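I have placed the structure first, in the form of structure tokens, so that the comments after it can refer back to it.
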Amino acid sequence: MEQNRQTIPIASDHGGFELKEFLRHKLTEAGYHVEDFGTYSTESVDYPDFIHPLAAAINQGRFPLGIILCGSGNGAQMTANKYPHVRAALCWDVEQTALTRMHNDANILSLPGRFLNFDLAWKMVQTFLTTSFEGGRHLKRIEKIPHLFTS
Ligand code: RB5
């Protein structure tokens, strides 16, 4: 029986590769379809080369939610947030992950692959994929994010 065929795009550099592989396996086991944007080994690479294509796909509306990783989660998040319709959140625990869906409608979860316990990371991914945006007062706040201040 087909349970959950939502497609989840995932991308990392070498610093996030091992956790990406773990999460790719867990997602597939849970019934998701995973679109793997690379990298495909622990060979050193530049994270923007792998994060840009995934962030562009989210920006274009090809996928509602995505997962990115690098060693710290910072470079991946900074790259993804260059796109106007991307709200990428760097998270370290389950509560932060739930909050960024509920309050920020984050559409990309950025994970620090060199620092997170893998089982915790899987709980965070499950939380990210199953928690809804609360809307209400948070909607007008996220709508203000793209409006740059010019004096
Ligand atoms: C790679 O060594 C590392 O700099 C990268 O994975 C990431 O942490 C950058 O923000």
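Each reported figure results from applying straightforward, stated rules to the coordinates on display, with no laboratory input. Fair warning: this is a prediction, and the values are worked out from it, not measured in the lab. Neighbour counts run over all protein chains shown; Cβ positions are idealised from the backbone, glycine included.
It is to be established whether one or more residues within region 53-68 are within 16 Å of the ligand (Cβ to nearest atom) and part of a helix (DSSP H, G or I).
Taking every residue of region 53-68 in turn, at least one turns out to be within 16 Å of the ligand (Cβ to nearest atom) and part of a helix (DSSP H, G or I).
For the condition within 15 Å of the ligand (Cβ to nearest atom) and out of contact with any helix residue (DSSP H, G or I) (no Cβ under 6 Å at 6 or more places or on another chain), what is the one hit in Gln96, Gln77?
Answer to the check: Gln77.
Does Lys82 meet the test of being within 16 Å of the ligand (Cβ to nearest atom) and either in contact (Cβ under 8 Å) with a residue 60 or more places away in the chain or hydrophobic (A, V, I, L, M, F, W, C) (or both)?
no
Yes or no: Leu129 within 18 Å of Asn74 (Cα to Cα), surrounded by 19 or more Cβ atoms within 10 Å (Cβ to Cβ) and among the aliphatic types (A, V, I, L, M)?
no
Which pairs have Cβ atoms under 9 Å, sit 6 or more apart or on different chains, and link a residue in region 35-49 that is without any contact (Cβ under 8 Å) to a residue 60 or more places away in the chain and surrounded by fewer than 14 Cβ atoms within 10 Å (Cβ to Cβ) to one that is assigned to a loop (DSSP other than H, G, I, E, B) and hydroxyl-bearing (Ser, Thr, Tyr)?
Within 9 Å, no pair qualifies.
Out of all the residues in region 78-108, which are among the acidic types (Asp, Glu) and assigned to a loop (DSSP other than H, G, I, E, B)?
Selection gives Asp93, Asp105.
Please state which of the following conditions Asn117 fails to meet, knowing it meets all the rest: (1) buried (at least 18 other Cβ atoms within 10 Å of the Cβ); (2) without any contact (Cβ under 8 Å) to a residue 12 or more places away in the chain.
(1)
Provide a single number: the residues in region 1-20 that are surrounded by fewer than 16 Cβ atoms within 10 Å (Cβ to Cβ), of a type outside the set (A, V, I, L, M, F, W, C) and out of contact with any strand residue (DSSP E or B) (no Cβ under 6 Å at 6 or more places or on another chain).
5
Check off (1) in contact (Cβ under 8 Å) with a residue 40 or more places away in the chain; (2) touching a His at 6+ places or on another chain (Cβ under 7 Å) for Glu134 and give me the number that stays unchecked.
Condition (1) is where Glu134 drops out.
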